[in-house]
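Heads up: the structure comes next, in structure tokens.
The values are calculated or read from the model by the stated rules, or taken from the named source; none is laboratory data. The structure presented is a predicted model; accordingly, all values stated were derived computationally and were not measured. Neighbour counts run over all protein chains shown; Cβ positions are idealised from the backbone, glycine included. These area figures cover heavy atoms from the full protein model, side chains too; ligands, DNA and RNA do not enter into them. Shrake-Rupley method; radii C 1.70, N 1.55, O 1.52, S 1.80 Å.
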Amino acid sequence: MGERVSRKGKRQAAPPSQRGGRSRVETKSSTVGRVEALERERDQLRAKLVAAEAAISKLQQARDEAVNRIDWAIDSLHNLLESDA
């Protein structure tokens with residue numbers, strides 16, 4: 001009967017092109033395209049932030065006005081109760 005010889009050496013890693021990952025080398029145009037896309041996204045997010053801050057300011061102002069009206073109503077009720085007593 002013949003003997004089987006098994007190899008127990010370490011395997012070498014597959015070359016980068018066979019690993020399925022992206023190549024580290026990007027063309028200048030793809031890098032520029034990515035930068036432009038990120039800048040557009042940044043500008044859109046900045047515009048949304050400005051709009052959100054304006055909405056928050058408007059809501060805070062409306063809340064302050066409501067609190068002032070409630071305070072005025074409570075003061076008026078206290079004055080009526082004191083004048084009737």
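What to note about this one:
- List L80, L59, ordered by accessible area with a 1.4 Å probe, largest first: L59, L80
- Taking the charge dipole of region 32-85 about its Cα centre, with +1 at Lys and Arg Cβ atoms and -1 at Asp and Glu Cβ atoms, the residue from I70, L81, A37 reaching farthest to the positive side is A37.
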